Amino acid sequence: MELNSLCDTYIEAEYHRLKTALDSMPRFRIGIHRGSPVIRAYRGTGKDLKYQENILASKKGDALKLQYETYKTCLSEIEQYRVELRKRHITVSDKFKFIRDPSPFNVEAWKNFKASANPNEINTGYYDAYGNNVRSRGEMLVANALKELGLEAKYEPLLTLKDGKRKSPDYSFPVRIIDRCFFIEFYGKCDNEGYIEYNYGKIDEYIRNGILPNRDLILICGTENWLPNQEEIMRIISSFINNAVLRTYNRNQ
């Protein structure tokens, strides 16, 4: 996970979000019982830590196993944020307050987007870091940049616009610390007049429906003979996120 291009506010807020998520979960411990592996769930902290159950034997085993996997992921991610906080000499405050940016394009909306909604067949041989067969090398680079930044993403999510029309941007990703989701369109043939004309109409529809470039939508462009590389795309995305986070926090504090 590449965090050094994200702003201090993002790093501290994401650390607090992960810590809050961990605090709401059981504490899991792996052990052996009668020669068999067990994963034990505990509740509470410190002296109040109490054994809850063996999740492999529990009737709620599947749900607890899923929570265990989430717990492991959170532990791994929060450690990376701790390292980044130490590198930046940031002292984490318990008084940190989350600030939300009211928008219909929030995290709950993102969760409900149907992914891979474009019905046109894909047979390019390009697979992104999330396992999607994508339509171009450029889309693959966009997804790989998102993954490297530690972001979740949906490929070609189904988005219903205010006028009832449906669009599938190339990617959508959430920024949970401001309760927003954003969209990315990659345009890889910007030296082709017909391609430009078609996609100008698509951007026009986004704007008419309140999805604005540089606020809600990231546009990344290339040509037949040139594409930005993954590092350049990461800088574009991280700069966009930093602006969104700082705009929200600075406006509300």
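The values are calculated or read from the model by the stated rules, or taken from the named source; none is laboratory data. Since we're looking at a predicted model, the values are computed, not measured. We place every Cβ from the backbone using ideal geometry, glycine too, and count neighbours over all the protein chains shown.
Could you tell me whether F113 is among the aromatic types (F, W, Y), surrounded by 13 or more Cβ atoms within 10 Å (Cβ to Cβ) and in contact with a Pro (Cβ under 7 Å, 6 or more places away or on another chain)? I'd like the intermediate steps shown before the answer.
Details: among the aromatic types (F, W, Y): yes; surrounded by 13 or more Cβ atoms within 10 Å (Cβ to Cβ): yes; in contact with a Pro (Cβ under 7 Å, 6 or more places away or on another chain): yes.
So F113 fits the description; yes.
Just name the residue that is farthest from R27 (Cα to Cα) out of those in segment 74-102 that are surrounded by fewer than 17 Cβ atoms within 10 Å (Cβ to Cβ) and hydroxyl-bearing (S, T, Y).
Taking the candidates together, the pick is T91.
Look through Y71, Y171 and report the one residue that is surrounded by 17 or more Cβ atoms within 10 Å (Cβ to Cβ), not assigned by TED's automatic domain parsing to the domain that holds Y206 and not polar (S, T, N, Q). Even if it seems obvious, please write down each step before you answer.
Details: Y171 fails: not assigned by TED's automatic domain parsing to the domain that holds Y206.
Every option except Y71 fails the conditions.
Considering only segment 112-149, state which residues are aliphatic (A, V, I, L, M) and part of a loop (DSSP other than H, G, I, E, B).
Selection gives A115, A117, I122, A129, L149.
So for segment 28-44 (the condition being under 29 Å from L146 (Cβ atoms) and either modelled with pLDDT under 90 or outside the structural domain of I241 (by TED's automatic domain parsing) (or both)), does at least one residue qualify?
Taking every residue of segment 28-44 in turn, at least one turns out to be under 29 Å from L146 (Cβ atoms) and either modelled with pLDDT under 90 or outside the structural domain of I241 (by TED's automatic domain parsing) (or both).
For Q52, all conditions in the list (1) touching a Lys or Arg at 6+ places or on another chain (Cβ under 6 Å); (2) modelled with pLDDT under 90; (3) in a loop (DSSP other than H, G, I, E, B) hold save one; what is the number of the exception?
Result: Q52 fails condition (3) only.
Which numbered condition in (1) surrounded by fewer than 12 Cβ atoms within 10 Å (Cβ to Cβ); (2) at pLDDT 95 or above is the only one that D204 fails?
For D204, the exception is condition (2).
Residue-by-condition table, conditions (1) outside any helix (DSSP H, G or I); (2) over 18 Å from D101 (Cβ atoms); (3) not acidic (D, E):
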position	(1), (2), (3)
Y200	no, yes, yes
Y206	no, yes, yes
I211	yes, no, yes
L219	yes, yes, yes
I233	no, yes, yes
I237	no, no, yes
T248	no, no, yes
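Could you check segment 102-111 and list, in sequence order, the residues that are in a helix (DSSP H, G or I), within 19 Å of I237 (Cα to Cα) and not aromatic (F, W, Y)?
V107, the sole residue that qualifies.
Using the structure shown, decide if L159 is in contact with a Lys or Arg (Cβ under 9 Å, 6 or more places away or on another chain) and closer than 19 Å to L219 by Cβ.
So L159 fits the description; yes.
I'd like the residue in segment 8-36 that is part of a helix (DSSP H, G or I) and without any contact (Cβ under 8 Å) to a residue 40 or more places away in the chain and, out of all such residues, is nearest to the chain's Cα centre (by Cα).
Ranking the candidates gives T20 first.
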